[in-house]
Amino acid sequence: MGAFAAVVNGNAEGTTYPESRVLIIITGGTICMQPSAGGLVPVNGFIDNAMATRPSFNDTSEKVKLSAMRDGEKITIDSLRTPPSSYSKHIRYGALEFSPLLDSSSISSKGWTQIATAIKENYHLFDGFVVLHGTDSLAYSASALSFMMQDLGKPVILTGSQASIFALQSDAVDNLLGSLIIAGTFVIPEVCLFFHHTLYRGNRTTKVSASSFEAFASPNCDALAKVTGLGLDVNWSLARRPTKIAQFRVTEYLDTAHVACVRIFPGITPEMVDSVLRVPHLRGLILETFGMGNAPSGVDGSLTKAIRSAVERGIVVVNVSQCANGFVSPLYAPGFALGQAGVVFGHDLTSEAALTKLSYLLAIPDLSAADVGERMARDLRGEMTELATPSFTHPLADDDGRSSAAASLQNRLFGPAEAAFAALGYAIQAGDLAAVVEILDADDVGGGTSSGGIHHSRHQLLQRADYAGNTAVHLAAVCGANESVLKELLVRGAGVHVRNRANNTPLFLAEKMRNGGCVSLLKEAGAELWVEEGTGRAS
């Protein structure tokens, strides 16, 4: 994995590196299978059998027991630690295994609930989560979990492999090590899928190959990050950020029992579609149509009439394209007719995302069919591209075409990105909300990419840290001069779980400085003390 790989035996004498904690949730899949007389079967004891013996996963340091939760009970689990990565950080990790381990073709909403519940119970104990999962239904699970988890503030990364980790030639080590390092190093608060050196938004993925190591694609959305020879190239401008102050919560039920999916094909009859629409207790249907959302209307419009009748009975019908790229639109007459019949246009949703999103919305109590349809057509978790009205002028531009904040920063002696963060720090210290807003609104601070390949933008500004590892939220928590400044940072997507070089969270610093208003605001946004801070061992 080039520069991204863990550095084995690379410690300078006396050098200590910070460590983060990641929980691996093992559901099964090819990655943890071994050969048997009856073919490949999943086996227990994955960490001991597959990871403890590999230097990239085990620096042979002193073993530490980690606190964890399983089914509401406090437990301790064994842990291992990676050597320091190229980001000068150890990843300490432990695992929870499903019992029994599953082939991913057998996963259901019950399994999704198990995964989501495990993350919810252990959310305050770990910095990130990696889910090992079979590839067959991996895109479905990633999509489902993205809707089940609301106001997520930590990375959840699903991965697997096309060959067992015990095979001589396998993609398993790269996929697992990459997922571990990303989950323990970067605060990308999304449900992601990592495969073949690429980090995708989970609800944008689909499996495109049954055997190739490059098994997944995200046809209508760029990758969140890619592993290169220089490290991890993160597309921070694409990564989703919180836009409201709220604590992490989980919806533990999806109504998959009352949804169906029908793929339109040449010669399909109205009777076929109508028979599905009349399945007892059916509440929703995903209609996979030709091209931009077209389907045959049938003789005298009989197929369209069957769909219209179902919509009138309260069944939500969602139109998605069979094509990998593009979106559905009422541009052509057949698609327009479906829209007139009450069918919801699913934009560029994948079938996996459409099915799980519909199941999620149908499980919300007291949500009418009309409300479900309205939300299906609206982006909830980055799963679809909403069409925007073009803008031909910069809303904050001066007469010379530059924003005032960006123009003033260009005259500084150091780089624009560093200057912007320094200016932001002084504005936070002064409690100057107007200046904070102006600096954050300065478009494309720094331009281009950093030496590590990370894109600079106003989104990246909220990710930057000073020499002590303090982010803007750390500074606001310490200063406490103006709570509205902290609130502005939070609603723009600044993270509350990042720790500085002393391993301190913003909440710890706010409590230490007795900034009660900041403490309350951070807790409202889901902030929690890191496990070491909670036991009084923080620096």
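The table below gives the values:
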item: Of the criteria (1) under 30 Å from Thr228 (Cα atoms); (2) exposed (fewer than 14 other Cβ atoms within 10 Å of the Cβ); (3) of a type outside the set (A, V, I, L, M, F, W, C); (4) modelled with pLDDT of 95 or more, which one Gly94 fails; result: (2)
item: Residue tally, condition farther than 27 Å from Leu529 by Cβ and of a type in the set (D, E, K, R), over region 136-162; result: 1
item: Residues of region 233-247 classified as part of a loop (DSSP other than H, G, I, E, B) and in contact with a strand residue (DSSP E or B) (Cβ under 7 Å, 6 or more places away or on another chain), total; result: 3
item: All positions within region 34-55 that are over 16 Å from Ala95 (Cβ atoms) and surrounded by 14 or more Cβ atoms within 10 Å (Cβ to Cβ); result: Gln34, Leu40, Val41
item: Scan of region 203-221 for residues that are in contact (Cβ under 8 Å) with a residue 60 or more places away in the chain and farther than 13 Å from Gly160 by Cα, ordered by number; result: Asn203, Arg204, Thr205, Thr206, Val208, Ala217, Pro219, Asn220, Cys221
item: Unmet requirement for Val41, which otherwise passes all of (1) closer than 28 Å to Gln114 by Cβ; (2) modelled with pLDDT under 90; (3) among the hydrophobic types (A, V, I, L, M, F, W, C); (4) touching a helix residue (DSSP H, G or I) at 6+ places or on another chain (Cβ under 8 Å); result: (4)
item: Region 498-511, subset in contact with a helix residue (DSSP H, G or I) (Cβ under 9 Å, 6 or more places away or on another chain) and in contact (Cβ under 8 Å) with a residue 60 or more places away in the chain, residue nearest to Gly153 (Cα to Cα); result: Val498
item: Residue within region 159-168 that is buried (at least 24 other Cβ atoms within 10 Å of the Cβ) and of a type in the set (A, V, I, L, M) present; result: no
item: Unique residue being surrounded by fewer than 21 Cβ atoms within 10 Å (Cβ to Cβ), at pLDDT below 85 and either among the small types (Gly, Ala, Ser) or closer than 30 Å to Ala223 by Cβ (or both) when the list is Ala430, Ala468, Ala442, Ala420; result: Ala468
item: Test for Ile75: is it in contact with a Ser or Thr (Cβ under 6 Å, 6 or more places away or on another chain) and either crowded, with 21+ Cβ neighbours inside 10 Å or modelled with pLDDT of 95 or more (or both); result: no
item: Thr505 vs. criteria crowded, with 20+ Cβ neighbours inside 10 Å and over 18 Å from Gln460 (Cα atoms); result: yes
item: Residue count for region 176-215, restricted to those that are out of contact with any Ser or Thr (no Cβ under 9 Å at 6 or more places or on another chain) and either under 15 Å from Pro155 (Cα atoms) or buried (at least 21 other Cβ atoms within 10 Å of the Cβ) (or both); result: 5
item: Residue in region 494-510 that is of a type in the set (Phe, Trp, Tyr), over 22 Å from the mean Cα position of the chain (by Cα) and at pLDDT 85 or above present; result: yes
item: Answer residue from region 3-31, given it is in a loop (DSSP other than H, G, I, E, B) and hydroxyl-bearing (Ser, Thr, Tyr) and is modelled with the highest pLDDT among those; result: Tyr17
item: Filtered residue count, region 182-232, keeping only those that are within 15 Å of the chain's Cα centre (by Cα), over 14 Å from Ala324 (Cα atoms), assigned to a loop (DSSP other than H, G, I, E, B) and of a type in the set (A, V, I, L, M, F, W, C); result: 5
item: Pick from region 233-255, criterion within 18 Å of the chain's Cα centre (by Cα) and of a type in the set (Ser, Thr, Tyr), ranking: surrounded by the fewest Cβ atoms within 10 Å (Cβ to Cβ); result: Thr243
item: Answer from Pro296, Pro334 - the residue that is touching a Ser or Thr at 6+ places or on another chain (Cβ under 7 Å), modelled with pLDDT under 95 and not charged (D, E, K, R); result: Pro334
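Residues checked against (1) more than 30 Å from Leu138 (Cβ to Cβ); (2) aliphatic (A, V, I, L, M); (3) part of a helix (DSSP H, G or I); (4) under 26 Å from the mean Cα position of the chain (by Cα):
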residue: Ile307; (1), (2), (3), (4): yes, yes, yes, no
residue: Gly326; (1), (2), (3), (4): no, no, no, yes
residue: Asp348; (1), (2), (3), (4): no, no, no, yes
residue: Glu352; (1), (2), (3), (4): no, no, yes, yes
residue: Leu361; (1), (2), (3), (4): no, yes, yes, yes
residue: Leu367; (1), (2), (3), (4): no, yes, no, yes
residue: Ala370; (1), (2), (3), (4): yes, yes, yes, no
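The values are calculated or read from the model by the stated rules, or taken from the named source; none is laboratory data. What you see is a predicted model; the values in this text were computed from it and never measured. Note that each Cβ is placed from the backbone with ideal geometry, even for glycine, and that neighbours are counted across all protein chains shown.
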